[in-house]
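For reference, the structure is listed below as structure tokens.
The values are calculated or read from the model by the stated rules, or taken from the named source; none is laboratory data. Treat the numbers as computed from the prediction; the structure is a model and nothing was measured. Positions of Cβ are backbone-derived with ideal geometry, glycine not excepted, and every protein chain shown enters the neighbour counts. Accessible surface is based on the protein model in full, side chains and every heavy atom, while ligands, DNA and RNA are left aside. Shrake-Rupley method; radii C 1.70, N 1.55, O 1.52, S 1.80 Å.
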Amino acid sequence: MQNDTRDTCLKRLNRIEGQVRGLSRMVEDNRYCIDIVTQVAAVRAALKRVEEEVLRDHVAHCVEHAIASGDAEEQRKKVAELIDVLGRVKG
């Protein structure tokens, strides 16, 4: 992973960690259900952005490197990994 991507993801994950702690407090405090669900949706959206950033970095560097290498086996491996992970995150 590139340094700038790693830094961006770590910052986002730290914010998400704070959001999740806040969710725990909301549940402990018996806050209104819709407010909790709204915050859960915000955490999921933030995690989705981290996921997209990591995938973008993977394609831009790992997959691109495999393509540039000319190694057909490595290319097939990287494409298969990508298809597999996209199938999992999509569902």
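Here are a few things to note about the model shown:
- Among the residues making up the range 10-38, a single one is touching a Lys or Arg at 6+ places or on another chain (Cβ under 9 Å) and in contact (Cβ under 8 Å) with a residue 12 or more places away in the chain: Arg12.
- Any hit, the range 22-35, residues being farther than 25 Å from Asp84 by Cβ, under 14 Å from the mean Cα position of the chain (by Cα) and charged (D, E, K, R): no
- Among the residues of the range 22-47, those that are within 21 Å of Thr8 (Cβ to Cβ) and open to solvent by 70 Å² or more (accessible area, probe 1.4 Å) comprise Arg44, Leu47.
- Taken over the range 57-91, residues that are within 12 Å of the chain's Cα centre (by Cα) and surrounded by 12 or more Cβ atoms within 10 Å (Cβ to Cβ) amount to 3.
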